[in-house]
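Structure first, commentary second.
The values are calculated or read from the model by the stated rules, or taken from the named source; none is laboratory data. Small disclaimer: the values here were computed from a predicted structure and weren't measured. So basically every Cβ, Gly included, is an ideal-geometry build from the backbone, and we count neighbours across all protein chains shown.
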């Protein structure tokens, strides 16, 4: 937790918050904060700043808050990701959130196991938890949005064209021979397939929607490795 | 397992291997191989090729092997990594192995918890297991070498100069203001610090050894995210 993230309803006065959940425990046990200790804080979807500890009680802590810095800029990317298996999903949501992705579509694909769509990790609160962990790591406040799209064809045909208008349209596809496009701070829609890759039909549908498939090397990466590697390659800053 | 990795002692004749361990189970249960099925195989530190199933017994499988392709080229990098906590160590070794790193030094740093050095995951067999998983993922055969260096100062003063001779000398340090150097297929020694970063003394020692510190953006990445992001940024191919 490189940053303590605050919600509007943590505020007990315009400049004070009271925390009693895992953030309280973290501040008490990991930071070992005392009265007048200062901590880095941020308001979800708002500014970053400093908190000064005013009271430590047995079950809560009160902080005086001053918010005055802007969070890091987002990556200009919309990430379309074939739903990964649950264990990976958690880490991938965290990683994408840490790296500054603000729009994530979890989509279906032939090689996505149907059972993945019923994991409790897709509950709104479970997704929120991973995104927050990612922001805390990155020292960022802007919460990514995550959308679930359980049907590939209607999504690609009906929604993707307007969603990807005016964007670089890219599909990472290790079985393709086109090398990675240049690193640019350009609005981009990046599609990443499932373990085992998209099937030819899916690549055809994406190409019909204007997407170019490319690879970043001969090696097959796990999705959780491919995402940082791709984002780092496609954008000059993180 | 995108590749079945073979060892010299799996061979029962010049062109046949017999497998009875997790590779046998994987071929039987995941590939659901039958007689005459073909599989991608590679010899550790050797060539890649094709296996044809000749017999499936109840506790083992016999494959006829033809090896004729070279594995992907390695990354020209030596990775010096402050020993991560055990849970991360497994994934990081896998990731580095997948991405083509062939020389890994696990080094000490002020912010490495002493207890990390006594994890059973540092046993030679435990490290080997993770490296193999990484190679199986990447479809590579060249086993990385992993060295443990429990003392920072003697390593940096006595061993690092000759080890980094004729190489780009880089330390990833998110608290630095120098931007990432260009992507080049150049012999490189890349140093990655612990969670929380190297302390100033350690950065000074590395700089005294000719290393330049740089960052890849404003965001603080977990080590397991930073490594694919760094390798992908520093080298034009993976």
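The one condition from (1) in contact (Cβ under 8 Å) with a residue 60 or more places away in the chain; (2) not in a loop (DSSP other than H, G, I, E, B) that residue B:24 does not meet is (1). The residues in segment B:34-55 that are over 14 Å from residue B:3 (Cα atoms) and touching a helix residue (DSSP H, G or I) at 6+ places or on another chain (Cβ under 7 Å) can be counted, and the count is 0. May I ask you to verify whether residue B:127 is under 26 Å from residue A:221 (Cα atoms), free of Cβ contacts under 8 Å to residues at least 60 places away in the same chain and under 21 Å from the mean Cα position of the chain (by Cα)? Taking the combined requirement at face value, the residue satisfies it.
Please go through segment A:1-21 and give me each residue that is buried (at least 19 other Cβ atoms within 10 Å of the Cβ) and in contact (Cβ under 8 Å) with a residue 40 or more places away in the chain, ordered by number. Spell out how you get there, then give the answer.
In the first step, residues of segment A:1-21 are kept if they are buried (at least 19 other Cβ atoms within 10 Å of the Cβ); the result is A:3-6, A:10, A:17, A:19.
Passing the criteria: A:3, A:4, A:5, A:6, A:17, A:19.
With respect to residue B:183, determine if the residue is in a strand (DSSP E or B), assigned by TED's automatic domain parsing to the domain that holds residue B:93, touching a helix residue (DSSP H, G or I) at 6+ places or on another chain (Cβ under 7 Å) and at pLDDT below 95. Don't jump to the end; show me each part of the working.
Numbers: in a strand (DSSP E or B): no; assigned by TED's automatic domain parsing to the domain that holds residue B:93: yes; touching a helix residue (DSSP H, G or I) at 6+ places or on another chain (Cβ under 7 Å): yes; at pLDDT below 95: yes.
Answer is no for this residue.
Restricted to segment A:27-40, and to residues that are in a loop (DSSP other than H, G, I, E, B) and touching a strand residue (DSSP E or B) at 6+ places or on another chain (Cβ under 9 Å), which residue is nearest to residue A:136 (Cα to Cα)?
Here is the first cut: in segment A:27-40, the residues in a loop (DSSP other than H, G, I, E, B) are A:30-37.
Okay, now just the ones that are also touching a strand residue (DSSP E or B) at 6+ places or on another chain (Cβ under 9 Å), so A:31, A:33-37.
Working: A:31: 14, A:33: 18, A:34: 21, A:35: 23, A:36: 22, A:37: 19 Å.
So, considering only residues that are in a loop (DSSP other than H, G, I, E, B) and touching a strand residue (DSSP E or B) at 6+ places or on another chain (Cβ under 9 Å), the one nearest to residue A:136 (Cα to Cα) is A:31.
Picking from residues in segment B:198-217 that are more than 7 Å from every other protein chain (Cβ to nearest Cβ) and part of a loop (DSSP other than H, G, I, E, B), the one that is nearest to residue A:98 (Cα to Cα) is B:198.
Looking at segment B:70-118 only, could you name the residues that are more than 12 Å from chain A (Cβ to nearest Cβ) and under 17 Å from residue A:224 (Cβ atoms)? First the steps, then the outcome.
First, pick out the residues of segment B:70-118 that are more than 12 Å from chain A (Cβ to nearest Cβ): B:76-86, B:89-90, B:93, B:102-118.
Selection gives B:84, B:89, B:90, B:93.
Hey, among the residues in segment B:218-230 that are part of a helix (DSSP H, G or I) and within 7 Å of another protein chain (Cβ to nearest Cβ), which one's farthest from residue B:83 (Cα to Cα)?
Keep residues of segment B:218-230 that are part of a helix (DSSP H, G or I), which gives B:223-230.
Going one step further and asking which of them are within 7 Å of another protein chain (Cβ to nearest Cβ), we end up with B:225, B:228-229.
On the way: B:225: 15, B:228: 17, B:229: 18 Å.
Checking each candidate, the answer is B:229.
Hey, among the residues in segment B:41-81 that are in a strand (DSSP E or B) and at pLDDT below 95, which one's surrounded by the fewest Cβ atoms within 10 Å (Cβ to Cβ)?
Keep residues of segment B:41-81 that are in a strand (DSSP E or B), which gives B:41-43, B:48-56, B:61-69, B:77-81.
Okay, now just the ones that are also at pLDDT below 95, so B:55-56.
Working: B:55: 12, B:56: 16.
That would be B:55.
Whether any residue in segment A:168-182 is in contact with a strand residue (DSSP E or B) (Cβ under 7 Å, 6 or more places away or on another chain), within 14 Å of chain B (Cβ to nearest Cβ) and under 19 Å from residue A:96 (Cα atoms) is what I want to check. Among the residues of segment A:168-182, at least one is in contact with a strand residue (DSSP E or B) (Cβ under 7 Å, 6 or more places away or on another chain), within 14 Å of chain B (Cβ to nearest Cβ) and under 19 Å from residue A:96 (Cα atoms), which makes the answer yes. Being within 21 Å of the chain's Cα centre (by Cα), assigned to a strand (DSSP E or B), in the same structural domain as residue A:91 (by TED's automatic domain parsing) and surrounded by 14 or more Cβ atoms within 10 Å (Cβ to Cβ): is that true of residue A:146 here? It is true that residue A:146 is within 21 Å of the chain's Cα centre (by Cα), assigned to a strand (DSSP E or B), in the same structural domain as residue A:91 (by TED's automatic domain parsing) and surrounded by 14 or more Cβ atoms within 10 Å (Cβ to Cβ).
Could you please let me know if residue B:121 is within 14 Å of another protein chain (Cβ to nearest Cβ), touching a helix residue (DSSP H, G or I) at 6+ places or on another chain (Cβ under 7 Å) and under 26 Å from residue B:45 (Cα atoms)?
Numbers: within 14 Å of another protein chain (Cβ to nearest Cβ): no; touching a helix residue (DSSP H, G or I) at 6+ places or on another chain (Cβ under 7 Å): yes; under 26 Å from residue B:45 (Cα atoms): yes.
No; evaluated as a whole, the condition is false for this residue.
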